[in-house]
Every structure is written in structure tokens, then in C-alpha cells.
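Accompanying notes for the structure given below.
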Amino acid sequence: MVDYTTTINGHHRIVSHVQIDFCKDCQTFAIHPWDEASPLDTNGIVEIGNRASAESRRTALSLNTGCLTKLSGCQSVADLLPTIWKETADGKIACVIQNDRGFIQKPAN
């Protein structure tokens, strides 16, 4: 599991998790938040199976290292994982991947 925690304005924390499941035939790819109107200070979770496609794994693990090294750091999950989320014009977090209530690829069972 990759965890990234950032502190905003000296007191508020935002956490991003990317979890890779190692189980037989794990192809799941799921995200939260999955909608288009989550608060800017929302935590983000990505779960992906070890048998998911290479493209899905790249999407889930494409951390924006640029925000990790700048003085103000990553201000939201959209900064850290722009392949998954974006910040909208009205200051919300929106998923950029088409999904079904958080599932991009549902488990086989």
C-alpha cells in the first residue's frame, strides 16, 4: 500500500491510499471518491488487483512527483493523482475515469 499524507494550513490532513491486492485472479480496480462533487479536502482511495491491466496499474500508480517536491506540496488528491481525480472550477474533487459507483473493473465473483 502506498500512503501519502499532507497537512494543509498547518492543521488539516489529506490522505491518499493506493492499495494493490495480491490474490488469485484479482482484477479489481476501484476508487473513492467516484463522483464529481466531493469536497476539496477529501481523502482518496484506489484499490487495484495484481492482475489488473498494465494500463490500469499505470493509472493507479502515476503519482505526480512534481507536487511532492514543491514548497507547498500536494494540496489535494487531485494534485497527487491527476490520472484519477481533478479539481473542478468550483473547488470540488471530481473523478476523471468513467466508473460504476467506484468500480472501473469489478471483481470476477
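Quick notes on this structure:
- Kirkwood hydrodynamic radius of the chain, from the reciprocal of the average inverse Cα-Cα distance over all distinct pairs: 14.2 Å.
- Dipole in debye (nearest 20) - the chain, about Cα centre, beta carbon charges: Lys, Arg +1; Asp, Glu -1: 240
- Segments 55-66, 2-13, 80-91 sorted - mean Cβ within 10 Å per residue, highest first: 80-91, 55-66, 2-13
- Inverse mean reciprocal Cα-Cα distance (Kirkwood Rh) of the stretch 67-109, Å: 11.9
- Here the contact order of the chain, divided by its residue count and restricted to Cα pairs under 8 Å and six or more residues apart, works out to 30 percent.
- Accessible carbon and sulfur surface of the chain relative to its total accessible area, %, 1.4 Å: 49
- Å² of accessible area per residue within the chain, as computed with a 1.4 Å probe and no ligands counted: 60
The values are calculated or read from the model by the stated rules, or taken from the named source; none is laboratory data. The model shown is predicted, which means the values in this text are computed figures rather than measured ones. Cβ: placed from backbone, ideal geometry, glycine included. Neighbour counts: every protein chain shown. Ligands, DNA and RNA are stripped out before the accessible areas are found, and what is left, the full protein with its side chains, is counted by its heavy atoms. Shrake-Rupley method; radii C 1.70, N 1.55, O 1.52, S 1.80 Å.
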